[in-house]
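Enquirer: Questions regarding the structure given below will be posed in turn.
The values are calculated or read from the model by the stated rules, or taken from the named source; none is laboratory data. Note that this is a predicted model, so its numbers are computed, not measured. Quick reminder, even Gly has a Cβ in these numbers, built from the backbone with ideal geometry, and neighbours come from all protein chains shown.
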Amino acid sequence: MIAKVILGAAVVGTIVSGALALDVASAPRAEAAACYGSVSLLKGKNNTCSSARHWNAIRGSSSKYGAWVGRGGWSHQRLCWANVVSYGMTAR
């Protein structure tokens, strides 16, 4: 009984530590994430990136993109899309 509990705890610890390692490895650099902000379903502001644009991922369709904008600009979606599963900003 005790061996099963210890084995179960080891498996859970391994899964949790694997998930944490994956999150840390996929996290964006702080300076890249900080160059845009105020991101919503319809728009996002480019604070300091040389160029950035807003995007919506649509279930069952291709992603929709706002225009590339320079520093201080707002990237807007042309329409309010149905079935949006995620949204964000991309910088280049």
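This table checks each residue for (1) out of contact with any Cys (no Cβ under 7 Å at 6 or more places or on another chain); (2) within 11 Å of TYR36 (Cβ to Cβ); (3) hydrophobic (A, V, I, L, M, F, W, C).
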position: ASN56; (1), (2), (3): yes, no, no
position: HIS76; (1), (2), (3): yes, no, no
position: TRP81; (1), (2), (3): yes, no, yes
position: VAL85; (1), (2), (3): yes, no, yes
position: MET89; (1), (2), (3): yes, yes, yes
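Enquirer: Taking the options ARG71, ARG78, ARG53, name whichever one is modelled with pLDDT of 50 or more, part of a strand (DSSP E or B) and basic (Lys, Arg).
Expert: Result of the check over ARG71, ARG78, ARG53: ARG53.
Enquirer: Quick one: what pairs do we get from the stretch 69-83, first residue at positive phi and assigned by TED's automatic domain parsing to the domain that holds GLY44, second part of a loop (DSSP other than H, G, I, E, B) and not aromatic (Phe, Trp, Tyr), C-beta under 7 Å, 6+ apart or different chains?
Expert: Listed pairs, sorted by first residue: ASN83/ARG59; ASN83/GLY60.
Enquirer: Follow-up question, since we're still on this one. Could you tell me which residue of the stretch 81-92 is farthest from the chain's Cα centre (by Cα), considering only residues that are part of a loop (DSSP other than H, G, I, E, B) and loosely packed, with under 14 Cβ neighbours inside 10 Å?
Expert: By that ranking, first place goes to ALA82.
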